[in-house]
Amino acid sequence: MAIAAWRRRLLAREISAVELCELFLGRIRHSDEQVRAFLNVTGDQALAAARAVDDRLAAGERLPPLAGMPLAIKDNLCTRGVRTTCASRMLETFVPPYESTVTGRLWESGAVLLGKTNLDEFAMGSSTETSAFGASCNPWNSDCVPGGSSGGSAAAVAAGQCIAALGSDTGGSIRQPAAFCGVVGLKPTYGRVSRWGLVAFASSLDQVGPLTRSVEDAAELLNVIAGPDPRDGTCLDTPVPDYTQGLDRDLTGLRVGLIRNCLEQGLDPAIAASVSRAADQLAALGCDIVEVDCPRFGDGIATYYVIAPSEASANLARYDGVKYGLRVEAGDGCTVMTARTRAEGFGAEVQRRILIGTYALSAGYVDAFYRKAQQVRTLIRRDFDVAFEQADVLLTPTSPTTAFRAGERADDPLAMYLADLLTIPANLAGLPAISIPCGFDTAGLPIGLQLIGNVLDEQRLLNVAHVYEQKAQVMARCPLAPLVSSNDPV
């Protein structure tokens, strides 16, 4: 059920916050041995928070919008007093003394923390297979990956282990796992949501956003987490509208731009067919479907894999065994201690990206690589500006393929990187984008449709996604059901 439906049941005293929390904790106990979405389940803390909601309700208090809603949080968002590992040995025992802005806003809104979810180490990956604590599985087929890097959050939502979850998106890390797991994933405009307390990967690209079962729920969460934050200098100081308003607005006359380049990227035939059907459904809803060109769209992946590793190289320099996190003791001095700490604390993919980024920023190469990539980034953004002169919203597949089998790309970094081919450009341009289910492949795995909006145009993006979702009813006709307890009463 949607957050609004659970809220109505809670206010009508049809279910208590404790009962709701116990329901989802029971789902985790039933299914997480197979899904492995969680790194840390905070059951006692969740039940204590739920009891506090019930006490407020009994006292006749007016409850905040997410009161009693059990949520999961990607384990790269700092939660005070709760271990935050980034799925890395480097931070295996790190317990933050402070709360991230977005999670703090959730708790102020009455939400309940069920636990912290798995991810690719330091959010570097597209399958959760780089996690130091083992990969998560796709609830639709446990032989397949859930995507990444927010794979644990997407899998938890898809398996019904939580009402919704937060993830982070640097190059597609919310939208790609949302597509693989058949849920909704929203990456807001860069700066719309505070990054304070999000463990940094690539600071000019990272953004926090929701993973949910419906577009309406994504709007509910965005209402709470969006807004200015004086602690984050990149956070935009602009008013936050009510994103749940206008979701049903008529789409007649809205221009939807099919990015021609994206339909020429060697898509799985089932994905191409599903996206084409989605465009036809939007046309039937009154949208004008137009084709647009973004000539440098395909250059996004090469650009990203210079900029993101460069920023990661700088951000991860803080993990040196001196200040906090893992320290591998060595009797040969600080330099050897730091080298051993980083060699043992970071996994292979993180080390690979640090090396790429350090090389790109090194003397004699920074102009040829990093500065050139920033110039191409500007050109990609200009292509989007031109496209938005012809269309109000842009449409692409979310990923060139559906969920692939675990281990299939583990030894082929380039193939893994290509999983984000269609999501990266929106991050480079700082644009909001959403992935919603639009069909299934021949194996019954979900397919994601990506909608991209202009800067701070989340309201229109959510409107289009919601109306399409209600019309298409893709998940109501799903050929398979993700893992859910057979004796679950709800």
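The values are calculated or read from the model by the stated rules, or taken from the named source; none is laboratory data. This is a predicted model, so every value here is computed, not measured. Here the Cβ is made from the backbone with ideal geometry for all residues, glycine too, and neighbour counts use every protein chain on show. SASA here: full protein model, heavy atoms, side chains in, ligands and nucleic acids out. Shrake-Rupley method; radii C 1.70, N 1.55, O 1.52, S 1.80 Å.
Figures for the structure shown
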quantity	calculated
Any hit, the stretch 110-121, residues being under 23 Å from Gly26 (Cβ atoms), at pLDDT 95 or above, of a type in the set (A, V, I, L, M) and part of a loop (DSSP other than H, G, I, E, B)	yes
Failed item in (1) outside the structural domain of Phe404 (by TED's automatic domain parsing); (2) surrounded by fewer than 19 Cβ atoms within 10 Å (Cβ to Cβ), with Arg249 passing the rest	(1)
Test result for Asp280, modelled with pLDDT of 95 or more, open to solvent by 60 Å² or more (accessible area, probe 1.4 Å) and either closer than 30 Å to Phe404 by Cβ or not assigned by TED's automatic domain parsing to the domain that holds Gln473 (or both)	yes
Which numbered condition Gln470 fails, given (1) part of a loop (DSSP other than H, G, I, E, B); (2) open to solvent by 20 Å² or more (accessible area, probe 1.4 Å); (3) at pLDDT 95 or above	(1)
Out of Ser131, Ser173, sole residue that is in a loop (DSSP other than H, G, I, E, B) and touching an Asp or Glu at 6+ places or on another chain (Cβ under 7 Å)	Ser131
Among the candidates Leu316, Leu285, residue that is over 29 Å from Tyr370 (Cα atoms), buried (at least 16 other Cβ atoms within 10 Å of the Cβ) and touching a residue at least 24 places away in the same chain (Cβ under 8 Å)	Leu285
Scope the stretch 370-389; condition open to solvent by 80 Å² or more (accessible area, probe 1.4 Å) and of a type outside the set (Asp, Glu); matching residues	Arg371, Lys372, Gln375, Arg382
Candidates Val322, Val336, Val256, Val306 - the one that is in a loop (DSSP other than H, G, I, E, B) and either free of Cβ contacts under 8 Å to residues at least 60 places away in the same chain or under 27 Å from Thr423 (Cβ atoms) (or both)	Val322
Among residues of the stretch 361-407, those that are of a type outside the set (Phe, Trp, Tyr), within 22 Å of the chain's Cα centre (by Cα) and part of a loop (DSSP other than H, G, I, E, B), counted	8
Hits in the stretch 423-442 - residues which are of a type outside the set (S, T, N, Q) and closer than 13 Å to Pro177 by Cα	Ile434, Ile436, Pro437
Qualifying residue in the stretch 104-124 (condition: under 20 Å from Glu311 (Cβ atoms) and of a type in the set (S, T, N, Q))	no
Residue within the stretch 154-167 that is modelled with pLDDT of 95 or more, polar (S, T, N, Q) and within 15 Å of Asp75 (Cα to Cα) present	no
Test result for Arg105, assigned by TED's automatic domain parsing to the domain that holds Gln34, in a helix (DSSP H, G or I) and open to solvent by 20 Å² or more (accessible area, probe 1.4 Å)	yes
Test: residue in the stretch 61-79 that is closer than 30 Å to Tyr319 by Cα, open to solvent by 20 Å² or more (accessible area, probe 1.4 Å) and not in a loop (DSSP other than H, G, I, E, B)	no
Qualifying position, being more than 30 Å from Val199 (Cα to Cα), polar (S, T, N, Q) and modelled with pLDDT of 95 or more, among Ser100, Ser88, Ser16	Ser16
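Quick grid of which residues meet (1) more than 13 Å from the chain's Cα centre (by Cα); (2) of a type outside the set (S, T, N, Q):
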| residue | (1), (2) |
| --- | --- |
| Ala135 | yes, yes |
| Asn138 | yes, no |
| Pro146 | no, yes |
| Ser149 | no, no |
| Ala155 | no, yes |
| Cys162 | yes, yes |
| Leu166 | no, yes |
| Gly172 | no, yes |
| Ala178 | no, yes |
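Per-residue answers, yes or no, for (1) within 23 Å of the chain's Cα centre (by Cα); (2) part of a helix (DSSP H, G or I); (3) not acidic (Asp, Glu):
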{"site": "Leu186", "(1), (2), (3)": "yes, no, yes"}
{"site": "Ser203", "(1), (2), (3)": "yes, no, yes"}
{"site": "Leu211", "(1), (2), (3)": "yes, no, yes"}
{"site": "Ser274", "(1), (2), (3)": "yes, yes, yes"}
{"site": "Asp280", "(1), (2), (3)": "no, yes, no"}
{"site": "Ala283", "(1), (2), (3)": "no, yes, yes"}
